[in-house]
Amino acid sequence: MSLGVTSPAPLPTASEPGMVQSAFSLVDYVVFILVLVLSLAIGLYHACHGWGRHTIGQLQIADRKMGCLPVALSLLATFQSAVAILGVPSEIYRNGTQYWFLGCSYLLGLLIPAHVFIPVFYRLHLTSAYEYLELRFNKTVRVFGTLTFIFQMVIYMGVVLYAPSLALNAVTGFDLWLSVLALGIVCTIYTALGGLKAVIWTDVFQTLVMFLGQLAVIIVGSAKVGSLGHVWDVASQHGLISGINLDPDPFVRHTFWTLAFGGVFMMLSLYGVNQAQVQRYLSSRTEKAAVLSCYAVFPCQQVVLSMGCLIGLVMFAYYQEYPMSPQQSQAAPDQFVLYFVMDLLKDLPGLPGLFVACLFSGSLSTISSAFNSLATVTMEDLIRPWFPQFSEGRATMLSRILAFSYGLLCLGMAYVSSQMGPVLQAAISIFGMVGGPLLGLFCLGMFFPCANPPGAIVGLLAGLVMAFWIGIGSIVTRMGSSIAPSPSNVSSWFLPSNLSTVTMTTLMPSATFARPTGLQRLYSLSYLWYSAHNSTTVIVVGLIVSLLTGGMRGRTLNPRTIYPVLPRLLALLPASCQKRLHCKTCSQDLSVDTRGFPEKMSNGMLKGCGEKEAMAVPEEGPVYQGSSPTCILQETSL
């Protein structure tokens with residue numbers, strides 16, 4: 001992510017003198033503990049319901065019986081982490097409402113997964129998204145993709161658990177390691193025992209708690225300063241209401257183009273190919289329900305983004321009338337919201353506890369999703385392919401052990417995060433760095449029939465190298481240099497961990513701004529273009545290597561793993577144009593080998609680009625052998 005960092009200020013802790021802390025009342029503790037207990041109870045209910053009859057399918061994909069609404073709310077909650085609840089209002093408070101235009105990326109960022117990725121994944125009856133890579137390429141590519149995902153999520157889990165607890169400890173005096181242990185243990189128990197169904201239903205409850213906590217702050221805050229209309233007027237008078245910045249410069253942190261189009265790639269890396277989300281699509285009763293759940297996320301994301309922006313504006317209006325204390329003005333950005341909430345709600349017992357429960361619900365939903373998805377990919381991609389003889393009972397038990405083990409690993413990573421200091425910036429940015437190359441790997445396989453396994457592996461490695469080069473280089477350069485980011489990039493460092501700017505625990509000191517040059521210019525690339533840049537690197541390098549190594553000549557290609565982009569685009573043209581552009585040589589370049597497949601036929605038909613006759617296809621899909629990169633198969637059932 002574009003990490004605009006010079007020299008980080010240390011995060012104040014509860015033990016430092018001069019820090020004003022707001023003590024919880026008994027009612028606040030009751031509300032907070034009640035949320036944790038209810039989350040655990042929901043998970044244990046699904047764990048105990050049918051105990052002894054659970055299958056591996058129930059733990060991993062809820063037997064594909066989930067409805068549209070719970071899946072949609074779980075999709076929303078998975079990456080609506082506590083750091084986002086703290087980060088978005090802080091971003092709006094300091095830099096204005098320009099960030100709200102990220103909502104423009106939600107439409108394409110959710111339509112493309114709904115109509116491209118979900119149909120392909122669902123019809124292949126996958127459990128792990130990385131099974132697709134073996135079907136499209138080979139087992140080696142699948143293992144590379146799985147290990148990359150595991151590395152990404154393990155690094156991220158500890159930060160998601162530790163960072164909010166640290167901020168909470170600094171502001172309220174809430175015991176740091178007690179909160180870390182409470183979150184980790186509760187998540188581990190209901191995820192390991194209840195599987196995906198328990199995770200989804202607790203996500204639903206936790207989403208409602210998050211909405212209630214944020215809504216309480218907006219209502220009480222706007223009432224205290226007058227009204228939402230007054231909040232808007234104050235923000236307008238101080239230039240906080242941003243217009244549309246059409247600057248095309250990708251090195252400016254937030255412009256309309258950066259937010260609206262760079263954000264699309266960030267959305268796709270999260271909602272298109274991330275295992276935590278794909279697993280939820282695959283748990284739906286039908287493909288239609290999976291698509292509808294993706295549609296339902298769109299208005300929910302808009303509401304979440306708008307609520308975060310409103311909290312930032314209310315906070316700004318509030319502090320115009322009630323100035324900050326010296327301690328608050330020196331706080332790290334992720335602490336602004338907590339100070340504001342504890343100050344605003346201190347006379348309303350129960351509401352501070354509700355907001356803290358809101359923060360912890362964000363962490364619970366994110367971490368439990370990580371546990372479940374990690375256990376699934378480890379089981380399906382790294383264990384079952386090598387030990388296929390596992391019985392159903394043994395596989396179920398092993399899946400629970402894996403989820404429990406990842407829970408313990410998360411607690412260990414939280415401790416490591418506490419010892420990392422400035423290196424924590426690099427650790428948390430890894431999540432965003434890895435998402436782009438994984439998106440590029442899936443797009444390479446799905447949209448380019450000529451891409452082959454060597455191209456996929458080299459492309460993925462090139463994308464990861466590029467991601468770490470720019471990401472880590474940005475951190476090292478700016479921490480070791482006196483050159484600060486341009487004013488448009490100032491304030492903190494950011495990670496798109498959940499479709500939103502996540503302002504973490506580094507407060508930026510004031511500095512003299514200079515326009516970076518040379519490599520420093522490259523290192524100042526906006527974090528929202530990272531996914532686009534890195535995924536494009538994977539595709540370009542992957543295609544070059546594939547063409548140099550003979551494409552798919554001599555290799556088999558299952559057409560069910562290809563999304564027919566060109567035929568779909570040609571279908572939008574007038575009939576006369578389609579006739580002129582019709583591919584006449586495709587059938588000559590493509591040979592079909594259906595040997596080895598059962599005679600049972602699917603309802604779908606496959607057509608070559610220049611063929612008028614339909615050809616029945618075995619259920620598993622025929623194996624295509626050919627090397628023409630221009631020939632794209634069209635499966636009419638897609």
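The values are calculated or read from the model by the stated rules, or taken from the named source; none is laboratory data. Model, not experiment: these values are computed from the prediction. All Cβ positions, glycine included, derive from the backbone under ideal geometry; neighbour counts span all protein chains shown. These accessible areas exclude ligands, DNA and RNA; they are computed on the full protein's heavy atoms, side chains included. Shrake-Rupley method; radii C 1.70, N 1.55, O 1.52, S 1.80 Å.
Scanning region 444-453 for residues that are in a helix (DSSP H, G or I) and in contact with a helix residue (DSSP H, G or I) (Cβ under 6 Å, 6 or more places away or on another chain) yields a count of 4. Considering (1) modelled with pLDDT of 90 or more; (2) open to solvent by 10 Å² or more (accessible area, probe 1.4 Å), the lone condition that residue 197 does not fulfil carries the number (1).
Within region 554-575, residues that are closer than 21 Å to residue 134 by Cα have Cβ atoms under 9 Å from residues that are charged (D, E, K, R) and assigned to a strand (DSSP E or B) in these pairs: 556/593; 559/635; 560/635; 562/635; 563/635; 564/635, counting only partners at least 6 apart in sequence or on another chain.
Remark: pairs (first residue in region 29-45, of a type outside the set (A, V, I, L, M); second residue not in a helix (DSSP H, G or I); Cβ separation under 8 Å; 6+ apart in sequence or on different chains) = 32/24. Counting only residues that are open to solvent by 10 Å² or more (accessible area, probe 1.4 Å) and out of contact with any Ser or Thr (no Cβ under 7 Å at 6 or more places or on another chain), region 68-79 holds 2 of them. Might you let me know whether region 342-361 holds any residue that is part of a helix (DSSP H, G or I), open to solvent by less than 10 Å² (accessible area, probe 1.4 Å) and touching a strand residue (DSSP E or B) at 6+ places or on another chain (Cβ under 9 Å)? Within region 342-361, not a single residue is part of a helix (DSSP H, G or I), open to solvent by less than 10 Å² (accessible area, probe 1.4 Å) and touching a strand residue (DSSP E or B) at 6+ places or on another chain (Cβ under 9 Å). Of the residues making up region 416-455, just one is of a type in the set (S, T, N, Q) and modelled with pLDDT of 90 or more, namely 452.
Okay, residues lined up against (1) under 28 Å from residue 218 (Cβ atoms); (2) open to solvent by 10 Å² or more (accessible area, probe 1.4 Å):
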| position | (1), (2) |
| --- | --- |
| 256 | yes, yes |
| 267 | yes, no |
| 276 | no, no |
| 284 | no, no |
| 291 | no, yes |
| 294 | yes, no |
| 310 | yes, yes |
| 319 | yes, yes |
| 322 | yes, yes |
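Scoring residue 143 on the criteria (1) farther than 23 Å from residue 431 by Cβ; (2) more than 20 Å from the chain's Cα centre (by Cα) leaves a single failure, condition (1). Residue 88 meets each of the listed conditions (1) at pLDDT 75 or above; (2) open to solvent by less than 40 Å² (accessible area, probe 1.4 Å); (3) of a type outside the set (S, T, N, Q); (4) within 22 Å of residue 400 (Cα to Cα) apart from (4). With respect to residue 229, is the statement that it is assigned to a helix (DSSP H, G or I) and open to solvent by less than 10 Å² (accessible area, probe 1.4 Å) true? The answer is no for residue 229. Taking region 108-140, which residues are touching a helix residue (DSSP H, G or I) at 6+ places or on another chain (Cβ under 7 Å), open to solvent by 20 Å² or more (accessible area, probe 1.4 Å) and under 14 Å from residue 457 (Cα atoms)? Within region 108-140, 134, 137, 138, 140 qualify.
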